[in-house]
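The values are calculated or read from the model by the stated rules, or taken from the named source; none is laboratory data. Bear in mind that the values here come from a model prediction, so they are computed numbers and not experimental data. Cβ atoms come from the backbone with ideal geometry, glycine included; neighbour counts cover every protein chain shown. Note: areas computed on protein heavy atoms with side chains; ligands, DNA, RNA excluded. Shrake-Rupley method; radii C 1.70, N 1.55, O 1.52, S 1.80 Å.
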Amino acid sequence: MGTITLALLLTVLPPVGGAHLLCDLLAVMEKEKETCLESLALFNVSAATWFPEGCTGKWDNVSCWPPTPVGHTASIPCPEILQIITGTKGTVNRNCTEDGWSAPFPPVDIACNYNISDTEYEDMQEYYMHLKTLYTVGYGTSLSSLVLALVVLLSFRRLRCTRNYIHMNLFSSFILRALSIFIKDAVLFSVDDVNHCNVYLEDCHYVMIFFQYCIMANYSWLLVEGLYLHTLLVVSFFSEWKYFCWYIALGWGSPLVFIIAWSICRQVYENTGCWNINSNASVWWIIRGPVILSIFINFILFVRIIRILMKKLRTSDVWGNDFNQYKRLARSTLLLIPLFGIHYIIFAFFPEDVSSGTVEIRLSFELALGSFQGFVVAVLYCFLNGEVQFEIQRKWRRYHLRKYSWLRQNKPTVSNGGSVLTQVIQVSQVSQREARKNSTPMTSLI
């Protein structure tokens, strides 16, 4: 019965504030349960004296049934939690028979004016489990690839420049974002509780503050990437180090200002739960507003950069025919999309109170692209980077050269006292000396 009620709440409640209302209603049901158990502790004792063959009172997860003699019918109003949702004050009955309590009649869905099936709830649960698995795999893949990309960029001194420093900060923001997702899930869903309303670790507010900061910092560094590339294309000469200091302040400092303001407002105006449910739109826009603004600015930069690239391709003669021009333009566009996070613009201004089907599409789209975005960025801007590949190949050749030198010096000797490798080198040197002797007269004649 409790499962049916939970399914009802998950389906009927609207997306905005629905989870918060769900927790409030479940708190009402929990209070009803405590009151019922306290009263039954007294009534069942006295009822056993008056009618020992009767049915003892019980709590069936949604309703409280009083002790009833055999052959009598107990009538109770619809559970308070259903009355709040449907506004119907119906009555549910149960007979006390010699075999115990009968099934409720009329059925609760008819008496209390609601209609929902367990299969619908199970389908919804299965969908969200698949969604959680999807973004867990995505963020795990992104985390491992970003850590490897960051190590690669830090390992080569030749790759240390302003452009790659910005890429490294972007990688770090993606890494923090993935870690914050895993930490948040571990804290909010650390216990086996399907409601996730009242069971939280202490000081879980700090976890949500860290999570929101990592999300904002990630968007800020996406904006920094767009500003830097736009500056390279527009400004001829500029101090990269001076600009880089401003980029650091924008990427890591500006989110901190909004997070502090959000935390203060959350503590004063909406200090409920673990701060993971945003019912107050005014407080939520302290975070959502700057994020949408950064997406919008990046979209404008994206359009401007495409126009600049198109203009340069048309005026340059070194790019070849029109097909190659548009091919290069398309490739540049595809590279810029994951860098700037342009795909977020699709749902940035999407209303929250939409139908459940649209919400599912939106969640699938955002979580699928968002969770794997770090992996795509690491591949495009590190593993497929020509400079990075050249440095790795150079390091690999140097490693083989050192290995070859070590083998030449430590090769075991044969019975005649010389190694095979040494003999080959000596023969090669003799041949070279003879060649030089033979070529000397010819050189003097020339």
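Summary table below
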read-out	value
Long-range HN-HN contacts of GLY54 with modeled amide H, under 5 Å	VAL70
Cβ-derived FRET efficiency at R0 30 Å, ILE292 paired with TRP246, nearest 0.05	0.85
Distance (nanometres) between label positions extended 7 Å along Cα→Cβ at GLU366 and TRP406	5.2 nm
Accessible area, probe 1.4 Å, largest first, for residues VAL234, VAL28	VAL234, VAL28
Order by protection proxy (mean Cβ within 10 Å, highest first), peptides 295-308, 171-184	171-184, 295-308
Sequence of ARG397, ARG408 when ordered by accessible area, the most exposed leading, probe 1.4 angstrom	ARG397, ARG408
Computed accessible area, THR141, all protein chains, 1.4 angstrom probe, square angstrom	40 Å²
Sequence of ILE392, ILE81, ILE345 when ordered by accessible area, the most exposed leading, probe 1.4 angstrom	ILE392, ILE345, ILE81
Stretchable slack from SER239 to PHE383, in nm (0.36 nm times residue separation minus alpha-carbon distance)	49.0 nm
Rounded to the nearest 10 Å², the accessible area of TYR127 at probe 1.4 Å	50 Å²
